[in-house]
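Heads up: the structure comes next, in structure tokens.
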Amino acid sequence: MTTQQPIAVLGAGSWGTALALVLAHNGVPVRLWGHDPAHMAALAEARCNVRHLPDAPFPETLTPTDSLASAVDGAGDLLLVVPSHGFRSLVETLAPSLGDRVRIAWATKGLEAESGGLLHQVVEAQLPGRPTAVLSGPSFAREVAAGLPTAVTIASRDNAFAADLAAAFHGEQFRPYTSHDIIGVELGGAVKNVLAVATGIADGLGLGANTRAGLITRGLAEVVRLGEAMGAESRTFMGLSGVGDLILTSTDDQSRNRRLGLALGRGQSVADAVAEIGQTVESVRTAAEVHALAEAQGVEMPICEQVHAVVNHQRPAREALEQLMARARKSEF
């Protein structure tokens, strides 16, 4: 039996379950919480997430629960892995009952739905003065749950918290690197979802590998511009949570955001594509939020702008591409 303090993983979708499995396989006692009692009862009975990860059985150190109070009771660290549109609500629910020593991390990728800001701003406003961290990087839940080699970034301004989280997650097939650039890591994880829609649209239109590579490269330039305007370090976007996650999400059909783009390029509606995917597609919200953030920061992000127009204003995909190609000539750097 371990005497280590439990970690509460809050969010029992595919990504939350995969991260809980990594911790549990490393011997960390984990409480995995989800809001749906029926779903959590099924996890407890089957000892796996049949809906999302049926081939990944739970170790004894992983305990599913639908009680938020039970999940966080006695936990030293919380890892929030809920969709971005539910992030603020969960933090607000947690705030009155958490002890002063509880540390907060999240692996949610996206912007805060209500304000369009970064997730750490929500945590700092509701739970001021405590260590925070974000986990992000090129990582599909199914491959993590299957024990395939994966590398991610854990960013925190608290060196001890970053080191503790990295130690908890580090294993033979899961390698976390640490950073202090929370802003850069959060932006990389949010904007790459929008850019993945762009590459998906291009591939859905049958435009070839040249177009895909151009969109990824120029998309990376967009997120770097936004990051620099918001105080991030440009080198963060050359790392796992930047170009690494962007390449993964833009080129592999496991990505829900890329699959949305593929469907739009082939003429499907957003509603039909999301229904077919059957899980949360963060870019549907994030496209508008990134567009608003870029305007507020005075940053030009033409690819993200066109994705926003297609996703939220029904602009035909081919027309969006034509508008990108019609832009004035300019220097690359």
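A few comments on the model shown:
- Carbon and sulfur %, accessible surface of region 41-187 computed with the full protein complex present, 1.4 Å: 48
- For region 284-298, the Karplus equation 6.51 cos²θ - 1.76 cosθ + 1.60, evaluated at θ = phi - 60°, returns couplings of 4, 7, 5, 4, 5, 5, 5, 4, 5, 5, 4, 5, 5, 8, x Hz by residue, with Gly and Pro reported as x.
- Once volume of the Cα convex hull per residue in Å³ is calculated for the structure shown, the corresponding label among (i) 178; (ii) 136; (iii) 127 turns out to be (iii).
- Estimated distance in nm for a label pair at ALA229 and ARG130, the labels positioned 7 Å out from Cα along Cα-to-Cβ: 3.3
- Counting only heavy atoms of the protein chains and using a 1.4 Å probe, ILE7 has close to 10 Å² of accessible surface.
- Probe 1.4 Å, protein heavy atoms only - accessible area per residue of region 183-326 in square angstrom: 40
- Taking a sphere under 12 Å around the Cβ of TRP15 and counting the other residues whose Cβ falls inside, with K and R at +1 and D and E at -1, yields a net charge of +1.
- With 0.36 nm allotted per residue and the present C-alpha distance subtracted, the GLU60-ASP73 stretch has 2.8 nm of extension available.
- The chain: relative contact order as a whole-number percent, Cα under 8 Å and 6+ apart: 14
- Taken along the Cα-to-beta-carbon direction at a fixed 7 Å, the label points for SER97 and GLU276 span 4.1 nm.
- Neighbourhood charge, 14 Å Cβ-Cβ cut-off, centred on ALA146 and excluding it, Lys, Arg +1 and Asp, Glu -1: -2
- Largest to smallest accessible area among ARG327, ARG285 [probe 1.4 Å]: ARG285, ARG327
- Charged side chains reduced to their Cβ positions (Lys and Arg at +1, Asp and Glu at -1) give the chain a dipole of some 560 debye around its Cα centre.
- Area accessible to solvent at PHE58, 1.4 Å probe radius, in Å²: 20
- Averaged per residue, region 1-134 has 42 square angstrom of accessible surface, using a 1.4 angstrom probe with ligands and nucleic acids left out.
- Relative contact order (percent, whole number), region 237-304, Cα cutoff 8 Å, 6+ residue spacing: 18
- Region 90-204: relative contact order as a whole-number percent, Cα under 8 Å and 6+ apart: 24
- Length gained on full extension, ARG315 to ALA160: 51.0 nm, using 0.36 nm per residue less the C-alpha separation.
The values are calculated or read from the model by the stated rules, or taken from the named source; none is laboratory data. Only a predicted model underlies this, so the values are computations on that prediction, with no experimental measurement involved. Every residue, glycine among them, receives a Cβ derived from its backbone with ideal geometry; neighbour counts consider all protein chains shown. When the accessible area is computed, the model is the full protein with side chains, heavy atoms only, and any ligands, DNA or RNA have been set aside. Shrake-Rupley method; radii C 1.70, N 1.55, O 1.52, S 1.80 Å.
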